[in-house]
1. Please name all residue pairs, on different chains or six or more residues apart, with Cβ atoms under 6 Å, provided the first residue is in region 118-132 and is under 11 Å from Ile95 (Cα atoms) and modelled with pLDDT of 95 or more and the second residue is among the aromatic types (Phe, Trp, Tyr) and not in a loop (DSSP other than H, G, I, E, B).
2. What are the residues in region 24-65 that are modelled with pLDDT under 95 and of a type in the set (S, T, N, Q), if any?
3. So, in region 95-113, exactly how many residues are among the hydroxyl-bearing types (Ser, Thr, Tyr), part of a loop (DSSP other than H, G, I, E, B) and more than 17 Å from Tyr37 (Cβ to Cβ)?
4. Out of curiosity, is Lys270 out of contact with any strand residue (DSSP E or B) (no Cβ under 9 Å at 6 or more places or on another chain) and either touching a residue at least 12 places away in the same chain (Cβ under 8 Å) or in the same structural domain as Val82 (by TED's automatic domain parsing) (or both)?
5. Does Asp106 satisfy the criteria of being surrounded by fewer than 16 Cβ atoms within 10 Å (Cβ to Cβ) and among the charged types (D, E, K, R)?
6. Being of a type in the set (Gly, Ala, Ser), surrounded by fewer than 13 Cβ atoms within 10 Å (Cβ to Cβ), closer than 30 Å to His163 by Cα and modelled with pLDDT under 90, is that true of even one residue in region 198-212?
7. Return the residues of region 139-151 that are buried (at least 20 other Cβ atoms within 10 Å of the Cβ) and either part of a helix (DSSP H, G or I) or at pLDDT 95 or above (or both); say none if nothing qualifies.
8. Could you please tell me which pairs satisfy a Cβ distance under 8 Å, a separation of 6+ or placement on different chains, a first residue in region 48-74 that is over 13 Å from Lys99 (Cα atoms), and a second residue that is in a strand (DSSP E or B) and polar (S, T, N, Q)?
Amino acid sequence: MREKKAILPGIITVCHVERGIETGYVLRKDGIKILIYKDELNGVVRKGEDITVFLYENKAGDIEATMNLPEISLNSFGWGEVTHVHPRAGVFVHIGTKKDVLVSKDDLPENRSEWPQAKDKLYVILSHDRHERLIAKPVREETVRNELETANDSMTHQTIEGHVYRIIDEGTLFVSEEGYRGFIHHTMSRKALRLGQFISGKVIDVREDGTLNVSILPAMTERQMEDADIILTYLHERNGKMPLTDKTPPDLIQETLGLSKAAFKRAMGKLLKEKRVKQEDGFTFLLDEKQ
């Protein structure tokens with residue numbers, strides 16, 4: 001049976017400075033000796049005094065201390081930047097200590113395309129696994145609802161930025177940098193988002209519970225130009241001819257170009273007005289390539 005650790009990592013606590021050594025100091029906490037290296041000190045330390053430190057595990061699994069206290073602890077959430085993605089284990093986040101902390105694959109989406117990438121940020125709290133090793137866990141929905149700020153109607157049309165903390169069938173949930181809960185319906189994003197991804201969008205509505213409904217779609221004119229480019233690219237790939245027009249069923253347009261029927265018609269209207277395409281007999285032709 002595995003012996004329980006006398007002191008668990010992940011806590012901020014007070015330790016007594018017992019003596020100095022060449023590489024740092026030996027601390028004592030509840031009869032346990034703990035090492036703190038010189039580069040983990042914050043200011044002058046003297047033998048016999050008490051100092052506040054954060055306890056973490058080194059690569060060998062031994063407890064070490066640092067005076068550089070992280071915002072993330074066993075009792076408080078904070079932003080951890082993803083430093084490495086391990087396909088079999090999960091992702092590692094930096095919390096301000098030498099050793100990054102694992103977010104287990106069990107706490108990540110089943111769909112690997114929704115996993116965070118390096119430089120993404122996760123809103124996490126520290127915990128322990130069944131072997132009492134220090135891990136990080138993403139924020140839960142009940143915590144977001146209970147602890148984050150409540151938005152008001154004055155935020156409508158404002159730009160909001162944050163990071164994704166949860167992905168559901170209807171869309172994506174994020175925490176803003178100001179501490180607000182935001183929701184992006186899947187129709188308000190051009191592509192699927194991932195956990196921890198940075199997003200910037202416009203507030204289109206404020207719900208009664210203070211959640212922000214947000215769109216990260218580009219402005220209409222910009223979207224129209226982007227959609228027109230998608231159509232032109234497809235036409236070039238098909239030698240200037242495609243079996244899609246304004247009368248084509250929406251599901252076929254979506255399947256072929258990844259555009260909604262409304263977006264397709266807006267972009268097609270722009271191209272027709274500019275005389276860059278022509279529709280005839282159920283086909284769309286690229287005019288400058290039609291012989």
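The values are calculated or read from the model by the stated rules, or taken from the named source; none is laboratory data. Fair warning: this is a prediction, and the values are worked out from it, not measured in the lab. Because the Cβ atoms are built from the backbone with ideal geometry, glycine has one as well, and the counts that use them run over all protein chains shown.
1. Close Cβ pairs (under 6 Å, with a partner that is among the aromatic types (Phe, Trp, Tyr) and not in a loop (DSSP other than H, G, I, E, B)) amount to Lys121/Trp79.
2. Listed by number, the residues that qualify are Asn42, Asn58.
3. Final tally of qualifying residues: 0.
4. Yes: the conditions hold for Lys270.
5. yes
6. Within region 198-212 (the criterion being of a type in the set (Gly, Ala, Ser), surrounded by fewer than 13 Cβ atoms within 10 Å (Cβ to Cβ), closer than 30 Å to His163 by Cα and modelled with pLDDT under 90), the answer is no, since none of the residues qualifies.
7. Selection gives Val144 alone.
8. Cβ pairs passing all conditions: Thr52/Thr13; Val53/Thr13; Val53/Thr66; Met67/Thr52; Leu69/Thr52; Leu74/Ser127.
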